[in-house]
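K.L.:
Take a look at the following structure, please.
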Amino acid sequence: MIYYGKQSISETDIKAVEEVLRSDFLTQGPAIEQFERTVADYCGAKYAVAVCNATAALHIACLSAGLDTGELLWTSPITFVASANCGRYCGADVDFVDIDEKTYNMSAAALEEKLRRARRENKLPKVVIPIHLAGQSCDMVRIKELSDEYGFTIIEDASHAVGADYLDTKVGSCAFSDMTVFSFHPVKIVTTGEGGMVLTNNHELYEKLLLYRSHGITRNPAKMTHVSDGAWYYQQIVLGCNYRMTDIQAALGTSQMKRLDAFVARRRELAARYDALLQELPLVTPHVMEGANPSWHIYVVRVAFGQISKTKQQLFEAMKEQGIMLNLHYIPVHRQPYYEKLGFRQGDFPQSEKYYDEAFTLPLYYDLTNDQQDRIVESLRKIL
Ligand SMILES: *Cc1c(COP(=O)(O)O)cnc(C)c1O
């Protein structure tokens, strides 16, 4: 069976984990800071905070942005539910901005229009979360300009985009945002088993992220309400969580980061091969915006199923019979029953819904061979 994604673990990765297991610290030890430093330096960001998964990272990013009950968070409908749920965890209301029909990322034009309307109605968002779908950066220059004009905090959900380039920056540099979130789930580009991270260049946000990661507890006398009682003393000054990453995971992450450029190079090679091999087929291959160089977490194609003799369900089943598991990223979040109960309806975000009707994800991962990829394309050709 060929799945849509799969981790690549080397002997060196295994040794790195083993070393931690033999050391004094399984959690809250030196491997965490080393991993944070490695990722921050790679991206050109000042600060990084490692956490137990990207969902937790999105949550503490929202908390640190000050998102609160009754305020608004906007994101894209074409994302994993976590990018919206983090707003609900804070008691905020969630709304969506439709996607661009070419890149499938949040449309900057739709965002601008929605912001204009929101200003008139006095309902501007506190936080906007653009998703770099497939590892392709959103139009961050434009989104940053809009943030300067309308005053929202930008949290980039870069769960797909570790190692991606945008203009002359790495995604994660936070050159166009307040914070950037990465995921290290095994299907993502770099893995720690489960894991996530928030990057920022803002020291105040960095300190808040550290607090929210670990119970809201500080040992810094300058942050306490009175002089410390003694060496044992700490204070809980906000309501935080326990979202810490273990040193076992961080060691795997640091080891995987050494392989990141090779991971991304191979993913780019496979994406370029798909682009070429799929040319004759009745489907739309990904469009890359000028200035973006994606890391290709996933490779999404679109078929106008109404115009061919097969349904999407039939295609998925026929491919499965050939040993190939297709996938779909994503079901529009506003169509989930939980969000429909909050008032969202079919028809609210037409581009996202059309995308959902047509899109599916082909297998793409570091260890996928050219032969396997040829087999995938051949099966598709026969079925379509
Ligand atoms: C994977 C993913 C997440 C959640 O990541 P976890 O580490 O599994 O919590 C959030 N947003 C997007 C876009 C993702 O792909």
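K.L.:
Angle between the Cα long axis of helix 370-383 and the longest principal axis of the chain, 0 to 90 degrees, nearest 10?
P.N.:
The answer is roughly 50 degrees.
K.L.:
Could you name the aspartates and glutamates whose alpha carbon sits less than 16 Å from that of Lys354, not counting residues in the same chain fewer than 8 places away?
P.N.:
Asp98, Asp100, Glu101
K.L.:
For a quick check of your reading of the filter: which trypsin sites (Lys or Arg not before Pro) in the range 278-346 sit in a DSSP loop and have no more than 11 other Cβ atoms within 10 Å?
P.N.:
Qualifying residues, ordered by number: Arg345.
K.L.:
When 1/r is averaged over all different Cα pairs and the result inverted, which Kirkwood radius in Å belongs to the range 203-342?
P.N.:
20.9 Å
K.L.:
Over the chain, what is the mean sequence separation of C-alpha contacts under 8 Å (at least six apart), divided by residue count, expressed as relative contact order in percent?
P.N.:
Answer for the chain is 23 percent.
K.L.:
Let me ask something else. Going toward the positive end of the dipole of the range 82-231, with +1 on Lys and Arg Cβ and -1 on Asp and Glu Cβ, which of Ala92, Ser228, Val171 do you reach last?
P.N.:
Positive-end residue among those listed: Ser228.
K.L.:
Let a ≥ b ≥ c be the square roots of the eigenvalues of the Cα gyration tensor of the chain; is it rounded (a/c under 1.5), or, if not, prolate (a/b larger than b/c) or oblate?
P.N.:
Since a/c reaches 1.5 but b/c is at least a/b, the shape of the chain is classed as oblate.
K.L.:
Starting from the range 109-143, pick out the GluC sites (Glu not before Pro) whose DSSP state is loop and whose Cβ has at most 13 other Cβ atoms within 10 Å.
P.N.:
Here the sparse-neighbourhood loop sites are Glu121.
K.L.:
With charges only on Cβ, +1 for K and R and -1 for D and E, what is the dipole size of the chain about its Cα centre, in debye, rounded to 20?
P.N.:
440 debye
K.L.:
Take the alpha carbon atoms of the range 102-180, find their center, do the same for the range 275-351, and report the distance between the two centers in whole angstrom.
P.N.:
Going from one Cα centre to the other spans 22 Å.
K.L.:
Turning to a different aspect of this structure: Looking at this model, which pairs from Lys188/Lys258; Lys114/Lys144; Lys6/Lys102; Lys144/Lys223 are more than 24 angstrom apart at the alpha-carbon?
P.N.:
Violating the 24 Å Cα-Cα cut-off are Lys6/Lys102; Lys144/Lys223.
K.L.:
Using alpha carbons only, how many degrees (0 to 90, rounded to 10) separate the axis of helix 260-277 from the longest principal axis of the chain?
P.N.:
Around 20 degrees separate the two axes.
Rule-based calculations on the coordinates, nothing more; no lab input. Quick caveat: nothing in here was measured; it's all calculated off a predicted structure. All Cβ positions, even for glycine, are placed from backbone atoms using ideal geometry, and neighbour counts span all protein chains on display.
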